[in-house]
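As structure tokens, the structure follows; a few thoughts come after it.
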Amino acid sequence: MTDKVAIITGGSRGIGRATAIAAAKRGYKIVVGYASNQAAASEVVSIIERSNGKAIAVKCDVAEESEILGMFEAGDKLGTLGALVNNGGIVSRSGVRVDEMSIERIQRVMAINVTGNILCAREAVKRMSTKHGGKGGVIVNLSSVAAKLGGANTYVDYAASKGAIDSFTIGLGHEVAGEGIRVAAIRPGLIDTEIHASGGEPDRAHRLAHMVPMKRVGSAEEIANAIVWLMSDEASYVTSAILDVSGGR
Ligand code: NAP
């Protein structure tokens with residue numbers, strides 16, 4: 001058990017929600033970041049509080065640097081930061097080829113999935129690095145198996161944003177390995193969340209389930225279990241590492 005703070009971007013729904021609940025059970029005080037769905041974030045806070053945990057909901061669109069700074073300041077008031085889960089992310093509309101993509105679409109997915117994640121990590125390192133007087137901690141980034149598969153004819157821009165997260169995980173992990181911070185990424189496969197509907201294909205995960213070696217979609221809780229393991233001391237020698245949680249996909 002820990003009594004440190006964990007900031008979870010996109011903690012209001014899907015994988016972030018499941019991670020917030022699982023991390024609270026391990027003692028973390030949770031900052032539930034959300035982009036716009038305040039009701040969903042408040043529900044996560046209520047669930048955690050009903051189990052005698054501590055959590056606050058903070059609006060943070062990670063495309064806005066000022067909102068990132070505000071979220072970390074809210075976390076500082078809660079206690080000592082011990083973990084960041086860089087989970088908040090989007091898919092762009094599914095089924096669009098690169099030769100059809102607008103600059104606005106590409107810039108938006110990169111602003112949220114890449115720049116926003118890097119800025120959140122920057123703020124976490126400032127607080128957790130022993131170089132800055134911190135006590136160490138863990139950063140878990142959400143990549144995707146799309147980083148390996150490439151997302152052709154679906155969303156190559158999204159896949160490329162997750163490829164960037166893989167490189168970022170390796171590089172940042174090396175940079176802060178001697179400063180008490182471990183950095184790792186999870187590459188989820190087809191997980192049953194609302195992200196597929198937001199890309200315009202609500203049944204995508206179930207439609208493609210037969211292509212998964214385990215022949216099924218994964219749950220948000222199965223990803224959360226891997227994330228909280230990476231956040232724990234049981235993963236004390238794991239850094240700059242990327243873990244596929246994808247049923248073999
Ligand atoms: P989801 O169900 O669509 O939930 C997305 C979460 O991210 C929500 O909490 C949402 O907040 C938040 N969010 C959206 N835009 C944001 C922004 N601009 N700034 C901050 N937060 C934002 O997604 P999910 O399936 O749980 O995915 C979570 C992460 O796992 C993403 O990085 C995704 O790429 C990755 N992933 C998912 C799958 C999958 O199959 N589900 C597979 C591979 C990787 P609101 O509630 O306020 O909208």
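The values are calculated or read from the model by the stated rules, or taken from the named source; none is laboratory data. This is a predicted model, so every value here is computed, not measured. Positions of Cβ are generated from backbone atoms using ideal geometry, with glycine treated the same way; all protein chains shown enter the neighbour counts.
In segment 47-63, how many residues are free of Cβ contacts under 8 Å to residues at least 24 places away in the same chain and either under 12 Å from TYR34 (Cα atoms) or of a type in the set (D, E, K, R) (or both)?
Step one: list which residues in segment 47-63 are free of Cβ contacts under 8 Å to residues at least 24 places away in the same chain, which gives 49-50, 52.
Then drop every residue that is not either under 12 Å from TYR34 (Cα atoms) or of a type in the set (D, E, K, R) (or both), which leaves 49-50.
Number of matching residues: 2.
Mind checking which residues of segment 117-152 are assigned to a helix (DSSP H, G or I) and within 16 Å of the ligand (Cβ to nearest atom)? Steps first, please.
Taking segment 117-152 first, the residues assigned to a helix (DSSP H, G or I) are 117-128, 130-132, 146-149.
Correct list: ASN117, ILE118, LEU119, CYS120, ALA121, ARG122, GLU123, ALA124, ALA146, ALA147, LYS148, LEU149.
Where in segment 1-116 are there strands (runs of 3 or more DSSP E), lying fully within it, with 2 or more residues that are within 11 Å of the ligand (Cβ to nearest atom)?
Working: elements: 5-8, 29-34, 55-59, 81-86.
Strands (runs of 3 or more DSSP E) meeting the threshold: 29-34, 55-59, 81-86.
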Problem set entry | Test for SER94: is it surrounded by fewer than 17 Cβ atoms within 10 Å (Cβ to Cβ) and in contact with a Phe, Trp or Tyr (Cβ under 8 Å, 6 or more places away or on another chain) | yes
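Step by step: first the residues of segment 38-67, then only those that are surrounded by 24 or more Cβ atoms within 10 Å (Cβ to Cβ) and under 21 Å from PHE168 (Cβ atoms), then the one that is nearest to the chain's Cα centre (by Cα). Which residue is that?
The selected residue is VAL62.
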Exercise. If you check every pair at least six apart or on different chains, which have Cβ atoms under 6 Å apart with a residue in segment 180-205 that is on the phi > 0 side of the Ramachandran plot first and a residue that is assigned to a loop (DSSP other than H, G, I, E, B) second?
Worked result: GLY180/GLY136; GLY200/ARG93; GLY200/SER94
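One line per residue, one yes/no per condition, for (1) within 8 Å of the ligand (Cβ to nearest atom); (2) of a type outside the set (A, V, I, L, M):
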residue	(1), (2)
VAL176	no, no
GLY180	no, yes
ILE191	yes, no
ILE195	yes, no
GLY200	no, yes
ARG207	no, yes
Seminar exercise, completed: Here the qualifying pairs (Cβ atoms under 9 Å; residues six or more apart or on different chains; first in segment 2-22 and free of Cβ contacts under 8 Å to residues at least 60 places away in the same chain and farther than 17 Å from GLY136 by Cα; second within 6 Å of the ligand (Cβ to nearest atom) and hydrophobic (A, V, I, L, M, F, W, C)) come out as SER12/ALA35; SER12/ALA40
For this session: Could you tell me whether THR2 is polar (S, T, N, Q), touching a helix residue (DSSP H, G or I) at 6+ places or on another chain (Cβ under 6 Å) and either crowded, with 23+ Cβ neighbours inside 10 Å or more than 25 Å from LEU190 (Cα to Cα) (or both)?
Result: no
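Of the residues GLU123, GLU67, GLU104, GLU49, which is in contact with a helix residue (DSSP H, G or I) (Cβ under 7 Å, 6 or more places away or on another chain) and modelled with pLDDT of 95 or more? It would help to see each step written out before you state the result.
Details: GLU67 fails: in contact with a helix residue (DSSP H, G or I) (Cβ under 7 Å, 6 or more places away or on another chain); GLU104 fails: in contact with a helix residue (DSSP H, G or I) (Cβ under 7 Å, 6 or more places away or on another chain); GLU49 fails: in contact with a helix residue (DSSP H, G or I) (Cβ under 7 Å, 6 or more places away or on another chain).
So the residue among GLU123, GLU67, GLU104, GLU49 that is in contact with a helix residue (DSSP H, G or I) (Cβ under 7 Å, 6 or more places away or on another chain) and modelled with pLDDT of 95 or more is GLU123.
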